[in-house]
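S.K.: Submitted below is the structure of interest, expressed as structure tokens.
The values are calculated or read from the model by the stated rules, or taken from the named source; none is laboratory data. It should be emphasised that the depicted structure is a prediction, and the values quoted were computed from it without experimental measurement. Counting neighbours? That spans all protein chains shown, and the Cβs are built from the backbone with ideal geometry, glycine included. Note: areas computed on protein heavy atoms with side chains; ligands, DNA, RNA excluded. Shrake-Rupley method; radii C 1.70, N 1.55, O 1.52, S 1.80 Å.
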Amino acid sequence: MGMAAKTGRGRVRLNVGGRVFETTADTLASAGRDTMLGAMLDASWNAGGHDDAVDGVAEYFIDRDPACFAVLLDLLRTGTLHLPPGLPEPTLCREALYYGLLDRVRAARAGEFDGDRLRLAASVPGRAPGDGTAVRAAPDGGCCVAHGGAVRVYNWLLEERRPVYLDHAPVNDAAYLDAATLLVAARERPGNRRSDGGGVGGGVAAFSALTGDLRHRFRVAHGRQPRSFTAGALELDASSNRVFASCKGRLNEYGVGVWDCATGEQADFFYEPPGCALGDADKLQWLDNTNTLMVATMFPRTDASFLTLLDFRDDKSVVWSWTDAGTPASLEEKRAVHAVVLEDGRSVCVVNQYDDLGFLDLRKNAGAVRWSSRSKLMMASAGKNKKAAAAARGYEETCYPKLAAHGGQLFASTNDTISVFSGPDHVLTSTLRGSGGGAICDFSIGGDRLFVPAQRGECLRRLGDAAAGDHLI
């Protein structure tokens, strides 16, 4: 009873599946008190137990796989993970989950994320031509891929879990509320006239990321009357536990809806003001440093591109806006197709349909885009234009470039390549190329990984542990 507590911080002996291991209480404590091994040192946890002591050393019997335990114990001792030949990674992860060490294994396996040290780690086949309306990284290293009326969910080993089905309602976006809860934004089904938004034919809903079961339906109400609506982009504000979604209804439900994650009830609604396309937004981004929401409605979804910063305090207001509507004819081809606020919170990076990067200063309202000529990502390396580059690789280019900012680096996709820019001047530092999966339609970074669904139906998982400048294969 509480042997480890009686022996202080001395030796502890563990008999795992018939194989005896001897270690110190300090090593077990390094696992953390919320793990099984760390809890073994707590006298109250051991009260009533039947562990033995040999030569004054606490001994515990654990009826588990000794080969996996040897790897996990070495991880606690050295901080590094060595997976011996013949030991399947899924088996190790199963055992790590039992001991509460799965997060430690994931961190050691993936390493610190660095865009200049990425390599292709694994891939899974897609389910349909052009798979991947959207890919979203999970906080625990897994991901989900939305296509049509389904969302395919994968754990961090790329083992598929039960998918989320929306009864033929097309999915517009997905986001992880947490590792176990998936939010899905869907288009309202044609002919769905139910004013209460019943079913899962449109709007925003929360599903179990483990079972695919519906957990909650987020409703929009106007004048206390529930309304059906199409939900576009999703975003989360973790600090205030809120969910945001661009909303488009039949009457006046155009704007951005807000829900409280704790209660599931609608907390606010920012109605679309004149000159701001909020209901059609295809990207939302919450900015912690200013407590504002960036709303991006981009070409070709609309005839022009709109960027807006919204303040959701009591006097809800637009605090910054920009549009390329009315661009002079000589520049009209430079339509912004995606945008991301950089991590310093002071500027927005946009990319046009010809892969040029541009920058806007958030401190200057309605300022001009500063286009960067050095950012023609594929022109110099792949040919004179995107069509030629696409033809050279044997696929038809239909995907517009996307952007992401992570860890002080800027990522931009074009054709079948992701370019990484580093430093305050956004210098191109590495280029990551896919393996014949076609054009990249989207990508997502999270859980120290980068995920890409390609046009030819392959979802790629990439880890940050290769030599700088390596190409993806």
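S.K.: Starting from the Cα of SER208, step 7 Å along the direction of its Cβ; do the same at ARG313; then give the gap between the two resulting points in nm.
M.R.: 4.2
S.K.: What is the gain in length, in nm to one decimal, between VAL427 and ARG250 on full extension, counting 0.36 nm per residue of separation less the C-alpha to C-alpha distance?
M.R.: Going from the current span to full extension adds 59.2 nm.
S.K.: Between ARG301 and ARG224, what length comes free when the chain is fully extended (0.36 nm per residue of separation minus the Cα-Cα distance, one decimal in nm)?
M.R.: Gain on extension, ARG301 to ARG224, equals 24.6 nm.
S.K.: Compute the FRET efficiency between ARG217 and GLU89 as 1/(1 + (r/R0)^6), taking r as their Cβ-Cβ distance and R0 = 56 Å, and round to the nearest 0.05.
M.R.: 0.90
S.K.: Quick check: pseudo-label points 7 Å beyond the Cα along Cα→Cβ at ALA107 and ASP167, how many nm apart are they?
M.R.: The modelled label-to-label distance comes out at 4.3 nm.
S.K.: Given labels modelled 7 Å from the Cα in the Cβ direction, how far is it in nm from PHE359 to ASP26?
M.R.: 4.8
S.K.: Rounded if a/c is under 1.5, else prolate if a/b is larger than b/c, else oblate: which is segment 165-314, with a ≥ b ≥ c the root eigenvalues of its Cα gyration tensor?
M.R.: Here segment 165-314 falls in the rounded category.
S.K.: Find how much the distance from ALA238 to LEU287 grows on full extension, using 0.36 nm per residue of separation minus their present alpha carbon separation; answer in nm with one decimal.
M.R.: Length difference between fully extended and current span is 16.6 nm.
S.K.: Starting at the first residue of segment 180-186, write each ³J(HN,Hα) from the Karplus equation 6.51 cos²θ - 1.76 cosθ + 1.60 with θ = phi - 60°, in whole Hz, x for Gly and Pro.
M.R.: Running phi through 6.51 cos²θ - 1.76 cosθ + 1.60 with θ = phi - 60° gives 9, 10, 10, 9, 10, 9, 10 Hz.
S.K.: Given a Förster distance of 45 angstrom, what is the FRET efficiency for ARG33 paired with ASP268, based on the Cβ-Cβ distance and rounded to 0.05?
M.R.: FRET efficiency, ARG33 to ASP268: 0.70.
S.K.: Protein chains only, probe 1.4 Å: how do LEU210, LEU309 rank by accessible area, largest first?
M.R.: Ranking LEU210, LEU309 by accessible area, largest first, yields LEU210, LEU309.
S.K.: How many angstrom separate the Cα center of segment 225-270 from the Cα center of segment 91-107?
M.R.: Segment 225-270 and segment 91-107 have Cα centres spaced 36 Å from each other.
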